[in-house]
1. All but one of (1) closer than 28 Å to F301 by Cα; (2) touching a residue at least 24 places away in the same chain (Cβ under 8 Å) hold for K201; state the number of the condition that does not hold.
2. Which count do you get for residues in the range 102-150 that are within 26 Å of P35 (Cβ to Cβ) and at pLDDT 90 or above?
3. Being within 19 Å of the chain's Cα centre (by Cα) and within 19 Å of P157 (Cβ to Cβ) is the filter here; which residues of the range 213-235 pass it?
4. Could we say that P274 is more than 20 Å from Q113 (Cα to Cα), assigned to a strand (DSSP E or B) and free of Cβ contacts under 8 Å to residues at least 40 places away in the same chain here?
5. If I go through the range 294-348 residue by residue, how many of them are in a loop (DSSP other than H, G, I, E, B) and at pLDDT 90 or above?
6. So, R144, is that one exposed (fewer than 13 other Cβ atoms within 10 Å of the Cβ) and touching a residue at least 24 places away in the same chain (Cβ under 8 Å) or not?
7. Between a residue in the range 3-27 that is surrounded by 14 or more Cβ atoms within 10 Å (Cβ to Cβ) and any residue that is of a type in the set (F, W, Y), which pairs come within a Cβ distance under 6 Å, given they are 6 or more apart or on different chains?
8. If R39 satisfies every condition in (1) surrounded by 15 or more Cβ atoms within 10 Å (Cβ to Cβ); (2) among the charged types (D, E, K, R); (3) out of contact with any Leu (no Cβ under 8 Å at 6 or more places or on another chain) but one, which is the exception?
Amino acid sequence: MSEFQVTNHSSGRTFIVRPDETILDAILRQGIAVPYSCRNGTCAACKATLVCGNVMYDEYDPSALSDEEIAAGSVLLCRAHPTEDVEIHADEIAMLSSMSIQKMPCRIVELNQLAHDVMEVKLALPRDTVFHYLAGQYIDVMMRDDRRRGFSVASAPGSNTLTLQIRHVPKGRFTGHVFQSMKLRDILRFEGPLGTFFLRKDSDKAIIFIAGGTGFAPLNAMLEQIFRERGFARPIHLFWGVRARCDLYHQELVEGWAKDYSHRFKFTPVLSEPDPEDDWSGETGWVHDSVLRHYPDLSDFEVYASGPPPMIEVIRNTFENFGLDPARLFYDSFEFSSDTLYPNPAGE
């Protein structure tokens, strides 16, 4: 394999892709920010236009890029390797261009079990370290075998401690370690900030947040940030979908926000399979269906969705039919993986 040149028509930038890199790898190495999330060909966030030239692909999920889309000129940047010089059209995000991706150590300072399968892990950064990130972004925990596990930061910027909300995945190597043997003062290494899921402030539209399971984590950080800020007056409605009541691991926190900020914040929990002992009279079913029952016309809204790939795929494929401007849908697709090099946020 050889090095090839890539030109991005949206900015006029030209850069080199090394033989072992995808186009997205090379873009990030240049310090350029384009939309992306999972980096393993699942979420479709990095989909762009191939203007000319040819690429070959690593394995990816066909739901992220269909044969019809390829024929129409779409390219999945996180899995595409150029086979010649190529030209693309990919939106660049100026707000992230000044934020550098760093590698650094951290120390475990708190372990709090929030639910039977969710652990809150607090990481202290080295003293005098400056780590800039936006609420909603994630970090990759770096393992000894060079694999990584991505977790959204659940705390807003402004402190020397990062909070993660880690779900225990059956037979998961890293999450098993978190629940069974991780100790206070253990040292980890991570890389970040990563991803382009963050609150856009170039709109006055009302906001719908949609969380599935631990997809609540990045929205937790965004809400913390919003409630600290003066002058943020856009209405927000959070829908949080889980299986049963016990999975609403921060229900009291969110209900407290709904009470304290009732003039601009609403909360609707949605249970897909409530237990008999839940005595549940609230919303049931799939969380995206609950959103559409409340808001059958989404033309005046901005939507931020964070959760498992099937939830994100349904939202991507259906919400436009209910009036949502595709440019006002922002999402983070969570996938649990034990084998991929770049698992999604909140991965195994």
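1. Condition not satisfied by K201: (2).
2. 17
3. Taking the range 213-235 as the starting set, the residues that turn out to be within 19 Å of the chain's Cα centre (by Cα) are 213-226.
Scanning the range 213-235 gives F216, A217, P218, L219, N220, A221, M222, L223, E224, Q225, I226.
4. Values: more than 20 Å from Q113 (Cα to Cα): yes; assigned to a strand (DSSP E or B): no; free of Cβ contacts under 8 Å to residues at least 40 places away in the same chain: yes.
Spelling it out, it is not the case that P274 is more than 20 Å from Q113 (Cα to Cα), assigned to a strand (DSSP E or B) and free of Cβ contacts under 8 Å to residues at least 40 places away in the same chain.
5. Let us first name the residues in the range 294-348 that are in a loop (DSSP other than H, G, I, E, B), namely 295-300, 308, 323-325, 334-344, 346-348.
Subsequent filtering for residues that are at pLDDT 90 or above retains 295-300, 308, 323-325.
Residues that pass the stated criteria total 10.
6. Values: exposed (fewer than 13 other Cβ atoms within 10 Å of the Cβ): yes; touching a residue at least 24 places away in the same chain (Cβ under 8 Å): no.
Spelling it out, it is not the case that R144 is exposed (fewer than 13 other Cβ atoms within 10 Å of the Cβ) and touching a residue at least 24 places away in the same chain (Cβ under 8 Å).
7. Between residues of the range 3-27 that are surrounded by 14 or more Cβ atoms within 10 Å (Cβ to Cβ) and residues that are of a type in the set (F, W, Y), the close pairs are V6/F15; V17/F4; L24/Y36; A26/F15.
8. (3)
The values are calculated or read from the model by the stated rules, or taken from the named source; none is laboratory data. Please read these numbers as outputs of a predicted model, since none were measured by experiment. Positions of Cβ are backbone-derived with ideal geometry, glycine not excepted, and every protein chain shown enters the neighbour counts.
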